[in-house]
Amino acid sequence: MPFLSARKRLSELSEREIVALAIASEEDDARVYRNWAAHLRQDYPATAAVFDAMSAEEDGHRRMLLEIHRVRWGDAIAVIRREHVAGYVTRRPAWMIENLSLDTIRAEAAGMERDAADFYARAAQQSLHAPTRTLLGDLAAAERGHENRARELTEQLVDADSRAEEDAVAHRDFVLTWVQPGLAGLMDGSVSTLAPIFAVAFATQDPWTTFQVGLAASVGAGISMGFTEAASDDGVVSGRGSPIKRGLSSGVMTTVGGLGHALPYLIADFWTATTIAIIVVFVELWAIAWIQNRWMQTPFWRATLQVVVGGGLVLAVGVLIGSG
């Protein structure tokens, strides 16, 4: 592609181009921090204040770079951005930050600072102009200290009550986005496939046929649940998070729930396969009850009644219909 062949490596850039690239990079990073602050402000106001402070520091770096560019080369800044330099670090576009968790955003911010520090360290080695080299070296040191600075700002701006409140919101988001749809999928896959799989098993007493039916039922249910979850709610009004993540969680766990008691029928002996499958079923049902109790705060006796007893009844129906 012509565009790719026209890209330069960092080592091929002139000092003026390096400073121009640094100015553009600082502008981008400040905008990223401001976007994160705006995105987090409603649910995580204290952490948003940290990113506001970090964006202000990036603006300060940009002003220092602009000043040295003005002194050496004037006000006309070369048009050079990240995408023009081969191997240079990139940033996520705005629409990709909306579904990141708070911990992911914090980790990505730390990675941005490390990338910036590495860039300034390399750029300083290429500079022959003492003031420019000094500034680039100082910026490398500043970026390396930003991870500590972010920690200091967090300690200053995020008190214990705010941190506890933000952690509670993050936990709620994790539960609504991943745990709840995944649990619904696991319950559906584990319970709804019991009757057809065991009905076929006892009607045919053919392990391979039973496995094929179980595989089809599990994968089909997983696809159906995944698309249903993703299409039912875009998460904007309910606050349940990304529909893609919810659909993926629900679809995968539905398939896993059904496959758990279908896979034993790969064993050629019918009664051995059936015995293992029944054991797997009760392990699955107790695991679901534990997840409900652990993540959804459902009382254990109620979860047991809903899942284990209900699942056992569905299993019995499948066995009776297949035996008849």
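With θ set to phi - 60°, apply the Karplus curve 6.51 cos²θ - 1.76 cosθ + 1.60 along segment 56-73 and write out the HN-Hα couplings as whole Hz, x wherever there is a Gly or Pro.
5, 5, 5, 4, x, 4, 4, 5, 5, 5, 4, 5, 5, 5, 5, 5, 8, 10
As a test of the definition: which semi-axes, in Å, follow for segment 9-158 when you take the square root of five times each eigenvalue of its alpha carbon gyration tensor? Largest first, please. Spell out each step's value before the answer.
Details: eigenvalues 156, 50, 36 Å².
With the √(5λ) rule applied to segment 9-158, the semi-axes are 28, 16, 13 Å.
Please work out how much length the chain gains when fully extended from ARG82 to ALA287, using 0.36 nm per residue of separation minus the C-alpha to C-alpha distance, in nm with one decimal.
Value of the extension gain: 69.0 nm.
Against the empirical 2.2 N^0.38 Å scaling, what ratio does the C-alpha Rg of segment 234-324 come to?
1.33
Do any GluC sites (Glu not before Pro) in segment 21-103 lie in a DSSP loop with no more than 16 other beta carbon atoms within 10 Å, and if so, which? Write out the running numbers ahead of the final one.
Values: sites: GLU26, GLU27, GLU57, GLU58, GLU67, GLU83, GLU98; in loops: GLU98.
Hits after loop and neighbour filter: GLU98.
For the residue pair LEU320 and GLN205, what label-to-label distance in nm results when each label sits 7 Å from Cα along the Cα-to-beta-carbon direction?
2.2 nm
Report P(r) for segment 164-323: all Cα-Cα distances, bin width 5 Å, range 0 to the bin holding the largest distance, values in whole percent.
Spelled out per bin, shortest first, that is 2, 10, 17, 19, 17, 14, 9, 6, 3, 1, 1, 0.
Round to the nearest 0.05 the FRET efficiency obtained for ALA38 and THR104 when R0 = 22 Å and r is the Cβ-Cβ distance.
Details: r = 17 Å, r/R0 = 0.77.
It comes out at approximately 0.85.
Please give the contour-minus-distance gain from TRP295 to ARG70: 0.36 nm per residue of separation, less the Cα-Cα distance, rounded to one decimal in nm. Walk me through the numbers before you get to the answer.
Working: separation 225, 0.36 × 225 = 81.00 nm, distance 5.75 nm.
Taking 0.36 nm per residue and subtracting the Cα distance, the gain is 75.2 nm.
A short reminder: the numbers here are calculations on the coordinates, not readings from a lab. A quick note: this is a predicted structure, and the numbers were derived from the prediction, not measured. Note that we place each Cβ from the backbone using ideal geometry, even for glycine, and neighbour counts take in every protein chain shown.
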